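Colleague: Pasting a structure here, questions to come.
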Amino acid sequence: MNAAPEAPRVEQFEAVIVGGGMVGTALCALLAQAGMRVALVEALSTPISLKQAASALPAPRVSALTPVSQRLLTHLGVWPAMQQTRITPYRGMQVWDAEGSGDIAFSADEAGVLVLGHIVENAVTLAALNSHVVDHPNVTTFFGVSIEALQRANQKADKQTGGDWLVLDDGRQLHAPLIVAADGAHSSLREMAGIEVASDAMQQDAVVTTVQCAKPHGGTARQAFIDGRPLAFLPLTVAGDDRYCSIVWSTTPEHAAELCGSSRSALGDTLAQALGYRLGSVTVCDQAHRFPLVQRHARQYVQEHFALVGDAAHSIHPLAGQGVNLGLMDAAVLAEEVVHAWQRGAPWGAISTLKRYERRRRFDNAAMLALMKGFKVLFGSHHPVLTLARNLGMSGMNQQVPLKRMLMRQATGERGRLPLSCR
Ligand SMILES: Cc1cc2nc3c(=O)[nH]c(=O)nc-3n(C[C@H](O)[C@H](O)[C@H](O)COP(=O)(O)OP(=O)(O)OC[C@H]3O[C@@H](n4cnc5c(N)ncnc54)[C@H](O)[C@@H]3O)c2cc1C
């Protein structure tokens, strides 16, 4: 006689987060810090450590973190480890139109802040967050596993505990009153939940690499619009040498393929020329990587027992360096609403709780997505009127210190009602 098949083992948590990128791991850290029992599921097999992140050459993927994101990471206690590994503050920003005479400069002094932000390798941020959650007593990590299915509760039968089940690809099942998709722009969990996205193919790819320039960057981030396509030189200081930059050139897929196919010396010459030699000659230190750019916005962020955060909810053109900053704000606001309900003994995965998160985040994210689309149209146009308008606009705005201060407050993340963890 065959033995009855063993029932799958179900592990119970107060929240399960799928996706151990910067946003999912930050959310995990926030919930665990408040005392909740959290599971973090990540498809990659080993979490990156601070030792690995401290490589001699900077990793190709970097982000410009705003002072508001810095406050969140400080609140979590991970900022000092990031500082010790490698971060580069920037106090100035220059943006210009290579087709005309429009030029605008921002400075921390004008904005009345210490820094405009920090350029940080994603690996450094993630490693610091990992070091916080991996041994945390409230966190159970599932690395090297993916999700097979999302099983929704029969809400009548399960009114008491509430919650949904996640089936992992190794057969284990996780149950929680709140399941969060933080699994990135191509979120399979979002798809399993049946949430649709509005997509806007930008017809651009981002080419990313690390370079060393002849002149020091001076703690200034630079962005030139060449034929409407933004080329950013983001400052990096490596072992005290402030001539390194991370490059992000958002351009047509054909041009991106050409750039990635050229030799390092030819690419260096092209980059130096495109930047108008503002940092002298350019030596390419790494392979050039290419990322297709698509703006996406989920039609809803929440369902009963379910929420989306970070790129799973919205992905944005990198020209203003806002993507992960928006995602970290999602994590901070969702954690604030959920922890508040949990501490009161209210159902933290209920749609009424989660809707508060959606209301607080959706408008900010939508406004930023719309702004990026507007920039792309304005700078992508060869229409003489628009070219003149943007040149006059930039140069005119450069004289308007109060207006620039207001813009800087927006760009540094000081918008709307910030969660307590970011104040
Ligand atoms: C070229 C470029 C430059 C950028 N520059 C900036 C910048 O300067 N500033 C800024 O703020 N943003 C920037 N961004 C955006 C930023 O990189 C993203 O917004 C950010 O990485 C999103 O983080 P996330 O944690 O939401 O998603 P991700 O980083 O995509 O993480 C998702 C995680 O989920 C895991 N995963 C996926 N599927 C599964 C599954 N089925 N099961 C388990 N785990 C899964 C993945 O392995 C991954 O670890 C840039 C983006 C690009 C392309």
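Colleague: Using only Cα atoms, figure out Rg for segment 110-244 and give it as a multiple of 2.2 N^0.38 Å.
Modeller: 1.56
Colleague: Rounded to the nearest 10 Å², what accessible area does Val18 show when all protein chains are kept and the probe is 1.4 Å?
Modeller: 10 Å²
Colleague: Continuing with the same structure: Under a no-solvent Debye model with one identical scatterer per Cα of segment 108-148, what's log10 I(q)/I(0) at q = 0.26, 0.27 Å⁻¹?
Modeller: Log10 I(q)/I(0), no solvent term: -0.94, -0.95.
Colleague: To the nearest whole percent, what portion of all C-alpha pairs in the chain is separated by more than 34 angstrom?
Modeller: 32 percent
Colleague: Moving on. Gap in Å between the Cα centre of segment 169-243 and the Cα centre of segment 66-122?
Modeller: 16 Å
Colleague: Could you give the distance between the Cα centres of segment 251-315 and segment 8-25, to the whole Å?
Modeller: Cα centroid of segment 251-315 versus Cα centroid of segment 8-25: 29 Å apart.
Colleague: As a test of the formula, what do you get for the chain when each DSSP H run with n ≥ 4 contributes -39,500 (n - 2.57) and the sum is divided by the residue count, at 222 nm and rounded to the nearest 500 deg cm²/dmol?
Modeller: Mean residue ellipticity, 222 nm, calculated: -11000 deg cm²/dmol.
Colleague: Can I ask one more? Jot down the radius of gyration and Dmax of segment 5-64, Cα atoms only, both in angstrom.
Modeller: Considering segment 5-64 through its Cα atoms, Rg and Dmax are 15.5, 52 Å.
Colleague: Another question, then. Could you check what % of the DSSP bridge pairs in the chain are antiparallel, to the nearest 5?
Modeller: 70 percent
Colleague: Based on the Cα gyration tensor of segment 51-169, what are the three equivalent ellipsoid semi-axes, each the root of five times an eigenvalue, rounded to whole Å and given largest first?
Modeller: Whole-Å semi-axes of the equivalent ellipsoid: 40, 20, 16.
Colleague: Now for a different question. Charges only on Cβ, +1 for Lys and Arg, -1 for Asp and Glu: so what's the dipole of segment 43-118 about the Cα centre, in debye to the nearest 20?
Modeller: 600 debye
Colleague: Taking the alpha carbon gyration tensor of segment 230-386, what are the square roots of 5 times its eigenvalues, largest first, to the nearest whole Å?
Modeller: Semi-axis lengths for segment 230-386 are 40, 19, 13 Å.
Colleague: Read phi for every residue in segment 89-105 and hand back ³J(HN,Hα) as whole Hz from Karplus 6.51 cos²θ - 1.76 cosθ + 1.60, θ = phi - 60°, with x for Gly and Pro.
Modeller: In residue order, the calculated couplings are x, 10, 10, x, 8, 10, 10, 8, 9, 5, 8, x, 10, x, 8, 9, 10 Hz.
Colleague: Of all accessible surface on the chain at a 1.4 Å probe, what whole percent is carbon and sulfur?
Modeller: Percent of accessible area from carbon and sulfur atoms in the chain: 55.
Colleague: Sticking with this structure for a sec: Pairs of lysines 8 or more apart, or on different chains, with alpha carbons under 23 Å: count those in the chain, would you?
Modeller: Step by step, the pairs that qualify in the chain add up to 4.
Colleague: Oh, and also: Given H placed on each backbone N at 1.01 Å, which residues far from Cys285 in sequence or on other chains put an amide H within less than 5 Å of it?
Modeller: Those qualifying (amide H under 5 Å, at least 5 residues apart or on another chain) are Thr210, Val211, Gln212.
Colleague: Working out 0.36 nm times the residue gap between Gln273 and Lys51, then minus their Cα-Cα distance, what length gain in nm do you get to one decimal?
Modeller: 76.3 nm
Colleague: Working from the pairwise distances between different alpha carbons, so that the mean of 1/r is found and then inverted, what is segment 181-269's Kirkwood radius in Å?
Modeller: Final number for the Kirkwood radius of segment 181-269 is 15.5 Å.
Colleague: Turning to a different aspect of this structure: Dipole of the chain, Cα-centred, from +1 at each Lys and Arg C-beta and -1 at each Asp and Glu C-beta, to the nearest 20 debye?
Modeller: For the chain, the charge dipole is close to 1100 debye.
Colleague: Which ³J(HN,Hα) values, rounded to whole Hz and listed in residue order, are derived for segment 293-298 from phi using the Karplus coefficients 6.51, -1.76 and 1.60 in 6.51 cos²θ - 1.76 cosθ + 1.60 with θ = phi - 60°, glycine and proline given as x?
Modeller: With coefficients 6.51, -1.76 and 1.60, one gets 9, 9, 8, 9, 9, 5 Hz.
The values are calculated or read from the model by the stated rules, or taken from the named source; none is laboratory data. Worth saying up front: this structure is predicted, and the values here are computed from it rather than measured. We place every Cβ from the backbone using ideal geometry, glycine too, and count neighbours over all the protein chains shown. Protein only, heavy atoms only, side chains kept; ligands, DNA and RNA dropped before computing areas. Shrake-Rupley method; radii C 1.70, N 1.55, O 1.52, S 1.80 Å.
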